[in-house]
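The numbers here are math on the coordinates, done by the rules we state, and not lab data. Model, not experiment: these values are computed from the prediction. Cβ atoms come from the backbone with ideal geometry, glycine included; neighbour counts cover every protein chain shown.
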Amino acid sequence: MKNMMDVQDLTFTYSGAPAPSLQNISLPVEKNKVTALIGPSGCGKSTLLRAMNRIHDLYPGHQYDGVINLLDSDKKGYTDILTLKSEAEMIRLRQRVGMIFQKPTPFPMTIFENIAYGLRLSGVKKRAALQDVVEQSLHDAALWNEVKDRLNDDARGLSGGQQQRLCIARAIALKPEVILFDEPTSALDPISTLAIEEMISELREKYSICIVTHNMQQAARISDYTGFMYLGEMIEYGQTDNIFMKPSKKQTEDYISGRFG
Amino acid sequence: MNTRKHISHKFDEEIAAVTSSVLNMGGLVLQQLDLAVTALLTSDKTMAENVIADDVKVNTFDVSIDEMCNRIIVMRQPTATDLRLIMAIIKTTNDLERMGDEAKRIARQAIDISERGALPDQFDSMEQLATRVKEMLNRSLDAFARKDIEEAFEVIGLDQKVDKDYENLTRQQITHMMEDPRKIPASIDLLWSARALERIGDRSCNICEYVIYLVKGKDVRHIEMSELEAHIE
């Protein structure tokens, strides 16, 4: 199976920072698999994730060095996303590589419009087509049954867990190929967390997923591969079972078994 | 092995407590074995009855260690070495409990023999087998306590000698039975006891396999001795 994305030897320095935040990072994101990134705060997990759809570039001046390959839509070859320049290319990239943030970010509009918004921007105009995609996306995000009778209510009236699933539906509506999750459940209660985890394992059927999480048991539960990062470096990457049962690096062992620092 | 302190001091204490319980249980089983064998060799009925009565202590350890492990799993969700340690402890405890049962079985045969009587030459080889098996159990507990895989490998190596001893003893008992039918009841009791000892040797090997799993993260059960060392490293 081809990798959906492939980060190779990536070094990343924030604008004006004296030293790089990521150093020589390599990370494959396998197709239709869940890849988890774990590590202590400040180790660069989120920085890496944000490089993967170049959302860093919303602010100028950051320095990338290395390669981030993304499988082309025709599946024939790879494009290094670090070579993309035009605004249109960036928008296309972020459609293909969607991102879900730690805090749910519903737009101040109805549930329906939250999802339709991106579709309209990308040129879908017909009401019927919009309705189809909205419904399908809400199904995929396991939210449809809870909101089907109140699609015209303000999205901010949903619970935190529902809002997060709404954001996931909003990302899915644009038919991404990769979904990046940045601690998607850290602001949610345990039951909403399980609902999101359940959804992620279903999303794997259609999408390739990379998730940053502080909850190590979560990584163990939902991911196929896990990367452990520390101080901007990828210390160990491997099958999740191996990382949690028999890590090969001492630092990984110390971190996951609570003997760090 | 992870020797660093856990961030949670209490977790280290829990791990230390359950580990020392396993070693106490092992010490108790070793003592039960020792007494059962002595009762057998000296036809001491009272001693054998004490062994049977004390098996309940072994069972109590079995239950309480399982509880401690359950609590650690539910509260701590152990990973890596901690996870392997808990798994090794649960399995070791199970083997120790069954060894306790084998010691009880030997004690029962000891009572039988003390009532029926046996001729002194029938006990030949029994002492050698028993000594070797006690050594295996003792050293397997040492290997566990020190997480010492070299010791574990050596104990596993001893099992072949125990198997030889057991074979010899069986042959001798068959000879006794053929020579003199009056020896048959005691010989059968002794064969049962030898069988129990041989099983204790096997279970000591199991403990050593858990030690290797614990230290190396490699499951070496169901692998031939000759291939064992190649599997590690």
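A few points about this structure:
- Count of residues meeting criterion [more than 30 Å from B:Ala107 (Cβ to Cβ), in a helix (DSSP H, G or I) and out of contact with any Asp or Glu (no Cβ under 7 Å at 6 or more places or on another chain)] in the range B:195-233: 11
- Checked against the criterion of being touching a Leu at 6+ places or on another chain (Cβ under 7 Å), more than 14 Å from chain A (Cβ to nearest Cβ) and either part of a helix (DSSP H, G or I) or over 25 Å from B:Arg139 (Cβ atoms) (or both), the candidates B:Leu41, B:Leu85, B:Leu30 yield just one match: B:Leu30.
- Within the range B:28-43, one or more residues are over 19 Å from the mean Cα position of the chain (by Cα), surrounded by fewer than 20 Cβ atoms within 10 Å (Cβ to Cβ) and either on the phi > 0 side of the Ramachandran plot or in contact (Cβ under 8 Å) with a residue 40 or more places away in the chain (or both).
- Flag if B:Ile223 is among the β-branched types (Val, Ile, Thr) and either within 17 Å of B:Thr170 (Cα to Cα) or buried (at least 24 other Cβ atoms within 10 Å of the Cβ) (or both): no
- Here is the figure for the range A:239-259: residues that are touching a residue at least 12 places away in the same chain (Cβ under 8 Å) and more than 7 Å from every other protein chain (Cβ to nearest Cβ) total 8.
- Checked against the criteria, A:Met109 does not count as out of contact with any Cys (no Cβ under 7 Å at 6 or more places or on another chain) and touching a residue at least 60 places away in the same chain (Cβ under 8 Å).
- Residue identified as among the acidic types (Asp, Glu) and over 10 Å from the mean Cα position of the chain (by Cα) among B:Asp219, B:Asp202: B:Asp219
- Residue that is nearest to B:Cys69 (Cα to Cα), among those in the range B:6-23 that are of a type in the set (A, V, I, L, M, F, W, C), surrounded by 15 or more Cβ atoms within 10 Å (Cβ to Cβ) and within 14 Å of chain A (Cβ to nearest Cβ): B:Ile15
- Residues of the range B:88-115 classified as in contact with a Phe, Trp or Tyr (Cβ under 6 Å, 6 or more places away or on another chain) and away from every other protein chain (no Cβ under 14 Å), total: 3
- Among (1) in contact with a Gly (Cβ under 6 Å, 6 or more places away or on another chain); (2) within 19 Å of A:Ala171 (Cα to Cα) - the single one A:Ser15 does not satisfy: (2)
- Entirely in the range A:1-82, the strands (runs of 3 or more DSSP E) that have 3 or more residues that are surrounded by 22 or more Cβ atoms within 10 Å (Cβ to Cβ): A:3-13, A:22-30, A:34-38
- Filter pass, B:Asp62 being within 14 Å of chain A (Cβ to nearest Cβ) and in a helix (DSSP H, G or I): no
- Criterion violated by A:Met216 - all others in (1) more than 15 Å from A:Ile38 (Cα to Cα); (2) at the interface with chain B (Cβ under 9 Å from one of its Cβ atoms) satisfied: (1)
- Qualifying positions in the range A:108-144 - crowded, with 17+ Cβ neighbours inside 10 Å and assigned to a loop (DSSP other than H, G, I, E, B): A:Ala141, A:Ala142, A:Leu143
- Sole exception among (1) small (Gly, Ala, Ser); (2) at the interface with chain B (Cβ under 10 Å from one of its Cβ atoms); (3) at negative phi for A:Gly227, by number: (2)
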